[in-house]
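A short write-up of the structure that comes next.
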Amino acid sequence: MYRSDEGLAIIDPGYTGSVRAVLRFVNEHVRGRLDWVILTHHHIDHAGAAFALCQATGARLAVHRDDAPYLQAGRPRNRMTLWGIAERLPARLASYVVSTAAAESRLLDDGDIIAGLTVVHGPGHTPGSICLHSASESALFLGDVLNNERGIRTPPWTVNHSHRRARLAPQRLEALRFERAYFGHGPSILAGADRYVHDFLTRRRLVPAPAIAQR
């Protein structure tokens, strides 16, 4: 949850089954008041609870315009990665791993400001993957542009819409300064986070990209 003078936001509320836990948290801490549900990308482990949370609280949904079509019926098909395979499952089974619903969203673009957070578009993991940067709070929400499960790294090719672009996306972060970093997967870094991210980017430049990066 992120609070600013421009409103209260939940970022990436998680799987469909997490909506009750998120609602309990919202009701306990802000008495049900919520202005925005902001998605860093459309995958169900980040976006699954978004529509139910908006319906329950009256919050508005915000997502990058390049990912918005993936949240609608008749969505484009993902490439044949883990997410693309899921879409080819029988409809009842696919509903557990693919989130679609008709809803009006605020469509975000690179550089937009929402709830005090600046949108940093980093396509690759999905076409509309974004990070959200707060200069005033010295914080960066990375979605899946980078993860921190076994050290800082980009997501594996098996979950990326374009692995080549996903490897390039973190370069958008080089000019940013942030003390704290919050990852979609893996522990947060709460001190000197930009140094760790910039060190990763420096090491990445010194290592030739593997052949799989041409996907």
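The values are calculated or read from the model by the stated rules, or taken from the named source; none is laboratory data. Computed from a prediction, not measured in an experiment: that's the story for all the values here. Here the Cβ is made from the backbone with ideal geometry for all residues, glycine too, and neighbour counts use every protein chain on show.
Key figures for this structure:
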{"read-out": "Residue identified as modelled with pLDDT of 95 or more, among the hydrophobic types (A, V, I, L, M, F, W, C), under 19 Å from residue 178 (Cβ atoms) and buried (at least 22 other Cβ atoms within 10 Å of the Cβ) among 63, 145", "value": "145"}
{"read-out": "Any chance residue 181 is assigned to a loop (DSSP other than H, G, I, E, B), modelled with pLDDT of 95 or more and among the aliphatic types (A, V, I, L, M)", "value": "no"}
{"read-out": "Residue pairs meeting the criteria (Cβ under 7 Å; at least 6 apart or on separate chains; first without any contact (Cβ under 8 Å) to a residue 12 or more places away in the chain and over 23 Å from residue 120 (Cβ atoms), in segment 39-52; second surrounded by fewer than 24 Cβ atoms within 10 Å (Cβ to Cβ) and of a type in the set (Phe, Trp, Tyr))", "value": "none"}
{"read-out": "Residues that are under 17 Å from residue 48 (Cα atoms), of a type in the set (A, V, I, L, M, F, W, C) and crowded, with 18+ Cβ neighbours inside 10 Å, drawn from segment 1-25", "value": "9, 10, 11, 19, 22, 23"}
{"read-out": "Those residues of segment 115-128 which are in contact (Cβ under 8 Å) with a residue 60 or more places away in the chain and either surrounded by 20 or more Cβ atoms within 10 Å (Cβ to Cβ) or under 17 Å from residue 168 (Cα atoms) (or both), in sequence order", "value": "115, 117, 125, 126, 127, 128"}
{"read-out": "Of all residues in segment 148-168 being touching a Phe, Trp or Tyr at 6+ places or on another chain (Cβ under 7 Å) and outside any loop (DSSP other than H, G, I, E, B), the one that is surrounded by the most Cβ atoms within 10 Å (Cβ to Cβ)", "value": "163"}
{"read-out": "Every residue from segment 1-26 that is out of contact with any Ser or Thr (no Cβ under 9 Å at 6 or more places or on another chain) and modelled with pLDDT under 85", "value": "1, 3, 5, 6, 7, 17"}
{"read-out": "Of residues in segment 138-166 being within 23 Å of residue 65 (Cβ to Cβ) and basic (Lys, Arg), the one nearest to the chain's Cα centre (by Cα)", "value": "165"}
{"read-out": "Some residue of segment 129-137 being under 13 Å from the mean Cα position of the chain (by Cα), buried (at least 18 other Cβ atoms within 10 Å of the Cβ), at pLDDT below 90 and not in a loop (DSSP other than H, G, I, E, B)", "value": "no"}
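Quick grid of which residues meet (1) small (Gly, Ala, Ser); (2) within 30 Å of residue 157 (Cα to Cα); (3) outside any strand (DSSP E or B); (4) at pLDDT below 85:
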{"site": "28", "(1), (2), (3), (4)": "no, no, yes, no"}
{"site": "33", "(1), (2), (3), (4)": "no, no, yes, yes"}
{"site": "75", "(1), (2), (3), (4)": "no, yes, yes, yes"}
{"site": "102", "(1), (2), (3), (4)": "yes, yes, yes, yes"}
